[in-house]
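Enquirer: Have a look at the structure that comes next, please.
The values are calculated or read from the model by the stated rules, or taken from the named source; none is laboratory data. Predicted model only: the values in this text are computed from it and were never measured. Positions of Cβ are backbone-derived with ideal geometry, glycine not excepted, and every protein chain shown enters the neighbour counts.
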């Protein structure tokens, strides 16, 4: 499946995390569309996504008193990875964010959830191969036009409305103009656990390398998964600017390198 840049890039600009949903079934047309993208968007063999047509409350947990629990969503996405791969986390982030953006483009709310769910309960609703595990989930549903207290509070705690300046994310602090800047800006807007933004960018020899500012894992979600999310955003921005390319996976602390096609140049 080719990247639907014309719909996913605008979705990336407006996407936000939602934890509270209106208790209303989703129409079959949108569900069928999400399921089709789950089947067709599998850019890497290490990761895949399944739509589970069960209320998220069956698998969601919360902090003290249930505060912070995801609620109301009639179904959820399960992000599944082959844990034998050294690149499973970034592949899961890239692939999962594709489904997040597809849902967003369909007018649905989502939220990456890494810690507040029961992996065993999810595993009973999806078919896992012997080397697979559920890495994260996302509720999917209809949201209120007025954010609820849970959503407002989690946004404030995570600082999700704040992003580092691009110069602080690029090695050396110098940001080229043109298409590469647009691609980096798209990556800068990517979501991450606790808004930690662990990705950094190195621009050399006409390529962009994504690497982690720190391998410290202060969340249930790996920093490399966050980097995978940023990779998709970067590629969407690059392709919109006419910079088609491909990803080459690297060893830690590097994550991957975006190499423009022969007909493209940063």
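Enquirer: What is the one condition in (1) in a helix (DSSP H, G or I); (2) touching a residue at least 24 places away in the same chain (Cβ under 8 Å); (3) more than 21 Å from residue 193 (Cβ to Cβ) that residue 120 does not satisfy?
Expert: That leaves (2) as the condition not met.
Enquirer: From the list 54, 50, exactly one residue is in a loop (DSSP other than H, G, I, E, B) and modelled with pLDDT of 95 or more. Which is it?
Expert: Residue meeting the stated conditions: 54.
Enquirer: Let me ask another. When you go through (1) assigned to a helix (DSSP H, G or I); (2) closer than 16 Å to residue 39 by Cα one by one for residue 93, which number turns out not to apply?
Expert: (2)
Enquirer: Could you go through segment 80-103 and let me know if any residue there is in contact with a strand residue (DSSP E or B) (Cβ under 7 Å, 6 or more places away or on another chain) and without any contact (Cβ under 8 Å) to a residue 12 or more places away in the chain.
Expert: Scanning segment 80-103 turns up no residue that is in contact with a strand residue (DSSP E or B) (Cβ under 7 Å, 6 or more places away or on another chain) and without any contact (Cβ under 8 Å) to a residue 12 or more places away in the chain.
Enquirer: Something else: Taking segment 7-47 as the region of interest, how many residues are more than 30 Å from residue 241 (Cα to Cα), free of Cβ contacts under 8 Å to residues at least 40 places away in the same chain and in a helix (DSSP H, G or I)?
Expert: Adding up the residues that qualify gives 3.
Enquirer: Moving on to the next point. Please determine whether any residue of segment 58-69 is in a strand (DSSP E or B), modelled with pLDDT of 95 or more and touching a strand residue (DSSP E or B) at 6+ places or on another chain (Cβ under 6 Å).
Expert: no
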